């Protein structure tokens, strides 16, 4: 196995940011293209691992994005603390801290917070998420409020 070069590491970090910007701006196509064709987005609440959501492949990811991205609500994904758990070119892995805020009528509120655990694959189009597991540490009251 060989380790990722600095250019590969930067490309992975840029893809992490691209995911956030695509979701926050409602760009469904860019969101989907951050994943491999067979890519998986999995979300699980830390204290309820049996209640998880899994979306696999571009068609399911597109349906998820179209259902969750709302143009009338300002959402921001704040992603930080990106670490490489594995730098092997064949199977790189990262983790990052995420905090999601929403703008509500009475001000900004935390929607959710947790950790992204990602596995990556190099494709002809660049580094893509093969599997993103979002481990939610909680959801705020903002999730259930109407805007």
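Just so you know, all these numbers are worked out from the coordinates, no wet-lab data involved. Just so it is clear, the structure is predicted and the values come from calculations on it, not from any experiment. With ideal geometry, Cβ positions are generated from the backbone for all residues, glycine too; neighbour counts draw on all protein chains shown.
Of note:
- Residue list for segment 28-63, filter: part of a helix (DSSP H, G or I), out of contact with any helix residue (DSSP H, G or I) (no Cβ under 9 Å at 6 or more places or on another chain) and in contact (Cβ under 8 Å) with a residue 12 or more places away in the chain: 57
- The condition of being surrounded by fewer than 16 Cβ atoms within 10 Å (Cβ to Cβ), in contact with a helix residue (DSSP H, G or I) (Cβ under 9 Å, 6 or more places away or on another chain), touching a residue at least 24 places away in the same chain (Cβ under 8 Å) and not in a strand (DSSP E or B) holds for only one of 90, 66, that being 66.
- Filter result for residue 40 (under 11 Å from the mean Cα position of the chain (by Cα) and surrounded by fewer than 20 Cβ atoms within 10 Å (Cβ to Cβ)): yes
- Conditions (1) in contact (Cβ under 8 Å) with a residue 60 or more places away in the chain; (2) not in a helix (DSSP H, G or I); number of the one not met by residue 8: (2)
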